[in-house]
Amino acid sequence: MGSLFRSEEMSLCQLFLQSEAAYACVSELGELGVVQFRDLNPDVNAFQRKFVNEVRRCAEMERKLRFLEKEIKKDEIPTLDAGDNPDAPAPREMIDLEATFEKLENEMKEVNANAEALKRNFLELTELKHILRKTQNFFEEEEHSIVDDAQHALGVDDSRPIASQAQPLQLGFVAGVILRERIPAFERMLWRVCRGNVFLKQAEIESPLEDPVTGDQVNKSVFIIFFQGDQLKSRVKKICEGFRATLYPCPETPAERREMAIGVMTRIEDLNTVLGQTQDHRHRVLVAAAKNITVWFIKVRKIKAIYHTLNLFNLDVTSKCLIAECWAPVVELDKIQLGLRRGTERSGSSVPSVLNRMETSEEPPTYFKTNKFTSAFQAIINAYGMANYREVNPAPYAIITFPFLFSVMFGDAGHGLIMFLFGLWMVVREKQLLTVKDAGEIWDTFFGGRYIILLMGLFSIYSGLLYNDAFSKSFNIFGSSWRVTDDFPIYGPNKSTIISHIQLSPNSTAFQGDVYPFGLDPVWQLSGNKIAYTNSYKMKLSIILGVSQMLFGVILSTFNHRYFKNTLNLFCEFLPQVLFLLCMFGYLVMLVFYKWIYFSAIERNSNCAPSLLIGLINMFLFTYPKAPCSSHTFYPGQQAVQTLLVVMAVLCLPWMLLVKPFILRWQAQRKIGGSMHHRSTRQVPKVTNINGDADDSGAAEEVIHHDDVDIIHIHKEKEEEFQFGEVMIHSAIHTIEYCLGTISHTASYLRLWALSLAHAQLSEVLWTMLFRIGLSMNGYHGSIIIAGVFFAWACCTIGILLLMEGLSAFLHTLRLHWVEFQSKFYTGAGYAFQAFSFAQIMEFKTDD
Amino acid sequence: MESLTFNIDNGYLEGLVRGFKCGILKRDDYTNLVQCETLEDLKLHLQSTDYSNFLANEPSPLQVSTIDDKLKEKMVIEFQHMRNHAVEPLSTFLDYITYSYMIDNIILLITGTLHQRSISELITKCHPLGSFEQMEAIHVASTPAELYNAVLVDTPLAPYFIDCISEQDLDEMNIEIIRNTLYKAYIEDFYKFCEETGGATADVMCEALSFEADRRAFIITINSFGTELTKDDRAKLYPRCGRLHPDGLAALARADDYEQVRAVSEYYAEYKLLFEGSGTNPGEKTLEDKFFEYEVKLMVNGFMQQFHYGVFYAYVKLKEQECRNIIWIAECVAQQHRTKIDSYIPIF
């Protein structure tokens, strides 16, 4: 019973680390990932701790790295993730790293600033190009009409001589570019402010332009506004400014415009080459950075984690060494020692680091060493509650009972096979699938439970074969034990009509007398009384399984009582509990077997076999009626035996309820009497040196000599006042819970039967209602229909039966384990061991 | 009935806002913040709160203004998220909340242009919750009528502005009057809207808005002493939906000095306490702080009821107060002016 049976033995250790070696040692421990450091200065603010500056420098480095990463992502350069795991760099390397990042960041910023300036320039030129092109159109196409319209629109005095139109450009105009979505508001505002005295003409720029700051693509429009007079001009300009429109100078004559356009075109050409060069430079810098960025991230995060951990430590009075407290599994202590020595060597410190085990009354954290197979099962248990330290862990039993109880409810070989294959696929392709990240929460859940799914599939095939059920059909492997005989009522009176509901009766001669070797006889699939038959079978099975599992749970509690040396619980809890369970439901299970074995259709009159349920009720009512024959007794002397059992069960109640509290009270009273001389010898926690190594021992002792008792936390003495009332209430609650629980939990196990029935019925309905339609078709069109129907049937099978039913069976199994099984022995009030581990930190960071 | 159907449309958002509310800094956080030596410390501590990494990408050295911007940005992102998921009538309610910021922005811009500041400089100072499309073109207007016709007519504030059109030109005094007239109309309208919504919303919001109205009335009266504002004009600026309406407002309209205002407050138990606890001496809290404290109390109480829109208003107000607190502490830390660092207003 390896490490899963109980959690790892933990020990509170004290570390004395030379201040120059502390960093390297913590780094080694982080790679090992087997110690949990305790915060020794919980009252100190985050920013008042010793290494806060280093943490801050790391945060700054991370910021720079994030900036670089963002730029790299923007340029869509693939980052190299070789999966290598560099050691945390030495503190002095931090300065180099900082310098590198600083240089890169500045370079990037410079390049970006240049690029932005160039882009802005480029944008302006492009906009100007568009303006020149569009306004050319305005002027050419509508030279006359614009002027006319404008003059009309502006309400130019009609009485003016026509000659004035010879100088149409007395109208001022501005041209510019504006975001397309702002046009309506812009136009409306212009109209309102200028009271309609302006004329706006706009045209869309077809190709989107790039915003130099954000790099987004934006749609813009060219506009040109005609107006009259300076006052309007200033207003128009203000509005343009307000709407972030950029205005460009636009020459008035076509020739000038053409000239300008040519100038703009050449400048754009020039700019394009410069821009290209800038982009190339940027790309080169980023590609170089992209190669290293993952490694850098890991390094910086490790440094940060180390300094965070160092912040938890206490400083020695002489400030030559740091003092840390940590929980560590006892079996890993050698590894930790080794790591510490490596760290000390690496830092070149002459004084070795020392590890001391401390004794403490504090409850250690719970730590299970799991592997990829057991971790999912352990996770199921932990989801209910972290086990108490060294408590019996239900997880190893759940590895078998969980898939088994699931399969009892999910008993279908076909569905089980699909599930098994899915689980197998995930397990076989584990390595490839592990590298896929961000595949969604649902997938992660399935993938995390791949071994559970595999086992659940496997067990479902087994119970499916026992139920002889695959997609609601049966296999006839060994040949049915039923033959068609004359009185086999398969045909109606005239031998041509098949009676749809055949009632199979073992009394008839159709039954050969020998039993189908494995599982259910396939002939039951045809029979009308199939459900009545399987119900009786599955119901009894559920009770048997349930009572066995509960009994097992109660027995497991003895391991706890014995391990924690709680003899009182053994006699005052375990014994009455097990008696209570056995007297009531253990006896019932025995009767079930008795009935199965003793009665058979042929030899004894099974019509008159006593009913189990009525029998159980009568047992508690002490009534033994003579009629009907099904309420007769199983065996002679049953009345006496049953009366004895009931009396014993009832006697268990006061035993459970009263004995323990009164014994505790007696003990407490005795202690008060004798505690006068005990109190003075309160023990100071001992410091034991487990540093067995001969080389170290001299130095180690030296350090221990100044063991200030005040740095060892003297934890609260757990000598609470004995309160009889509280203990009594506690006991009453426990007794009531257990006794009612025994009854309700047994009933609760009937869900095994109910879900199994539901599953079988659903899959049968799916077959008869859906697939049967396809099978009953004839001719060529039948083949097409059957393909379609198969598709629908397959979808329903996967969706409803596998996913929904599977989930429901899973949840019921979970409940049976959490409530019915674990309540018998499992407290689950511990707290988890959280190791300081780089691996975990990296994983967590990538999740963000 | 309301509680039956409320969650159909607003359950998600109410849950969300209550979640946001849990992220508001607690008393412990403030005691830690106050101990900070530098802004870097402040950043480090805020990282351990709900703000987490909101400053992580800011290069050192940190400016108070960056903190302010980031605080606002966070709040605006949260608000916009809720606004985008809201349906009628909650969406209108949320819009109403933004109107007060719009009023502030307009007044800020007009005052700025009056003092010849450039519009782009002013825009950065505007609260992002109250931005609207025509905002930046506000400097084309030189009279209230123009302001109305050109800029505000398309905004939801247009109906509130009707009363101000008659003002002749934009000077400091008139701007103040415009601000208060706008606020008055806004609060009264918001009050009416909440009353029509009914239910718990009306209960919570009417109390909050009455207080807001009364606070404005008090502040207007106190600030008007020694200015050329006539008593009649002053009386026109009082929002008429508070507890002071109508008797208290009439008394306030007649007041000539602080003592008389104080005398008015004597008739109202809750305001009496505020006036009694305030003072200008060192160690005493200003009346303004007292009002803020009372507002915080009201807003926290708003969360005690379920199925109403008041929580959104309360959240915005509390968050605003929290921003003020953090900025106050940050300023004190940055200027090494630690004596007054404790005069923030704790929320929980």
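In terms of its Cα atoms, the range A:502-600 spans 62, 21, 21 Å along the principal axes, sorted from long to short.
Per-residue Karplus couplings for the range A:3-13, computed as 6.51 cos²θ - 1.76 cosθ + 1.60 with θ equal to phi - 60°, are listed in order as 6, 6, 4, 10, 5, 4, 6, 10, 9, 7, 10 Hz, Gly and Pro entered as x. Between A:Phe422 and A:Lys70, the simple spin-label model (points 7 angstrom out along Cα→Cβ) gives 4.2 nm.
What you get for chain B, charging only the Cβ of Lys and Arg (+1) and of Asp and Glu (-1), is a dipole of about 600 debye around the Cα centre.
Residue order for A:Leu315, A:Leu551, fewest other beta carbons within 10 angstrom first, comes to A:Leu315, A:Leu551. Rg ratio for the range B:264-348: its Cα radius of gyration over 2.2 N^0.38 Å, N being its residue count, equals 1.25. The local environment of A:Met426, defined by Cβ-Cβ distances under 13 Å, has a net charge of +2 under the rule Lys, Arg +1 and Asp, Glu -1. Annotation: amide H-H contacts under 5 Å for A:Thr827 (H modelled 1.01 Å from N, sequence separation of 5 or more, or interchain): A:Asn388.
Taken over the range B:202-244, the ratio of Cα radius of gyration to 2.2 N^0.38 Å equals 1.28. Calculated on the Cα set of chain B, radius of gyration then Dmax: 20.7, 56 Å. Report, in deg cm²/dmol and to the nearest 500, the calculated mean residue ellipticity at 222 nm for the protein assembly as shown, where each DSSP H run with n ≥ 4 adds -39500 (n - 2.57) and the sum is divided by the residue count. Mean residue ellipticity, 222 nm, calculated: -19000 deg cm²/dmol. Here the calculated FRET efficiency for A:Thr643 and A:Ala758, from their Cβ-Cβ distance with R0 = 25 Å, stands at 0.05, rounded to the nearest 0.05. Helix A:52-74 and the long axis of chain A differ in direction by around 70°, with both axes built from C-alpha atoms. On a C-alpha basis, how far is the centre of the range A:299-363 from the centre of the range B:304-348 in Å? Whole number, if you could? About 42 Å separates the Cα centre of the range A:299-363 from the one of the range B:304-348. Can you give me the angle between helix A:838-847 and the longest principal axis of chain A, using Cα atoms only, in degrees from 0 to 90, rounded to the nearest 10? So the inclination is approximately 60 degrees. For chain A, the share of DSSP beta bridges that are antiparallel, to the nearest 5, is 95%. For the range B:138-248, the spread of Cα positions along the three principal axes, ordered from largest to smallest, is 44, 36, 17 Å.
From least to most packed, judged by other beta carbons within 10 angstrom and beginning with the fewest, B:Tyr294, A:Tyr23 follow the order B:Tyr294, A:Tyr23. Working note: Cα gyration tensor of the protein assembly as shown, eigenvalues times five, square-rooted, sorted largest first, giving semi-axes of 73, 45, 38 Å. Given R0 = 56 Å, the distance between the Cβ atoms of B:Ile8 and A:Ser350 translates into a calculated FRET efficiency of 0.15. Working note: Karplus 6.51/-1.76/1.60 with θ = phi - 60° gives the range A:283-298 the couplings 4, 4, 4, 5, 4, 4, 5, 4, 5, 9, 4, 5, 4, 4, 4, 4 Hz, where Gly and Pro are set to x. The slack in the chain from B:Thr66 to B:Ala334, taken as 0.36 nm per residue of separation less the alpha-carbon distance, amounts to 95.2 nm. Listed from fewest to most Cβ neighbours within 10 Å, the set A:Lys660, A:Lys369, B:Lys317 follows the order A:Lys369, B:Lys317, A:Lys660.
The phi-based Karplus calculation (6.51 cos²θ - 1.76 cosθ + 1.60; θ = phi - 60°) puts the 3J(HN,Hα) values of the range A:641-650 at 4, 5, 4, 4, 4, 5, 4, 5, 4, 5 Hz, whole numbers, x for Gly and Pro.
The H on the amide N of A:Cys13, modeled in the peptide plane, is under 5 Å from the matching H of A:Cys326, A:Trp327, A:Ala328, A:Met358, each at least 5 residues off or on a different chain. Long hydrophobic helices in chain B, taken as whole DSSP H segments with a C-alpha length of 18 Å or more on their own axis and mean Kyte-Doolittle hydropathy at least -1.0: B:2-22, B:64-85, B:90-114, B:172-197, B:199-224, B:287-302, B:310-334. What the Cβ-Cβ distance of A:Ser808 and A:Phe475 gives, at R0 = 25 Å and to the nearest 0.05, is a FRET efficiency of 0.45. Longer than 23 Å from Cα to Cα, which of A:Lys50/A:Lys320; A:Lys50/B:Lys340; B:Lys290/B:Lys317; A:Lys50/A:Lys109 are they? Say none if no pair is. Listed pairs above 23 Å: A:Lys50/B:Lys340; A:Lys50/A:Lys109. Relative to the longest principal axis of the Cα atoms of chain A, the long axis of helix A:779-796 makes an angle of roughly 90 degrees.
We did not get these values from a lab; they are worked out from the coordinates using the rules stated. Everything numeric here is computed off the predicted structure, so don't read it as measured data. Every residue, glycine among them, receives a Cβ derived from its backbone with ideal geometry; neighbour counts consider all protein chains shown.
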